[in-house]
Amino acid sequence: MPLFYVARQSQKETKEGVKLYHLVLKKVGKVVDTQSMATEIAEKSSLTEGDVHNVVRNLMSVMRSHLLNSQSVRLDGLGTFTMKASSKGKGVATAEEVNPNQVTALKCLFTPEYKRPAAIGTTRALLQGVEFQKWDENLSAGVTDDVEDDEENPDEEDGGQSGAPL
């Protein structure tokens, strides 16, 4: 299935006074939860659903522990998770004044793993073979649209999408 997109007009005007349109990804269907993933993984392996669910829960617990101890977590074939603190609008005059009260947002960032096939160049494992298709309301007949399209700001350089660029 392709990544569906819609056009969203920017709220900001360019220097010429024009509000440009940007591509924003459309989410369709229900969010895939841990149990659904465990079921699919169990079907592809010799593990039971319970075994897979247990591994996923423990993975999250162990990852959280490492991330909150100032470490990055790299999962081979998947990517790297790391913590990032933002202190937007709360800068201070000297290095000595820097303190945790300045943090305005704490995020866990994910960067898909790089794969470097010999003759192909640099790609990202999770992003190989991605296809885009403009969302057409006529296509929605058989699709449950329980999740709205991304509400991120299309004015941002990445077209309103967070995470690593393609």
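Observations
- Residue 38 free of Cβ contacts under 8 Å to residues at least 24 places away in the same chain and either in a loop (DSSP other than H, G, I, E, B) or of a type in the set (Val, Ile, Thr) (or both): no
- Where a residue in the range 70-87 is over 14 Å from residue 100 (Cα atoms) and its partner, wherever it lies, is of a type in the set (Gly, Ala, Ser) and surrounded by fewer than 13 Cβ atoms within 10 Å (Cβ to Cβ), with Cβ under 7 Å and at least six apart: 80/72; 81/72; 82/72
- Strands (runs of 3 or more DSSP E) (entirely within the range 59-166) containing at least 2 residues that are modelled with pLDDT under 85, under 21 Å from the mean Cα position of the chain (by Cα) and not basic (Lys, Arg): 132-134
- Filtering the range 10-30 for residues that are in contact with a His (Cβ under 8 Å, 6 or more places away or on another chain) and under 27 Å from residue 131 (Cβ atoms) leaves a non-empty set.
The values are calculated or read from the model by the stated rules, or taken from the named source; none is laboratory data. On a predicted model such as this, the values are computed, not experimentally measured, just so you know. Here the Cβ is made from the backbone with ideal geometry for all residues, glycine too, and neighbour counts use every protein chain on show.
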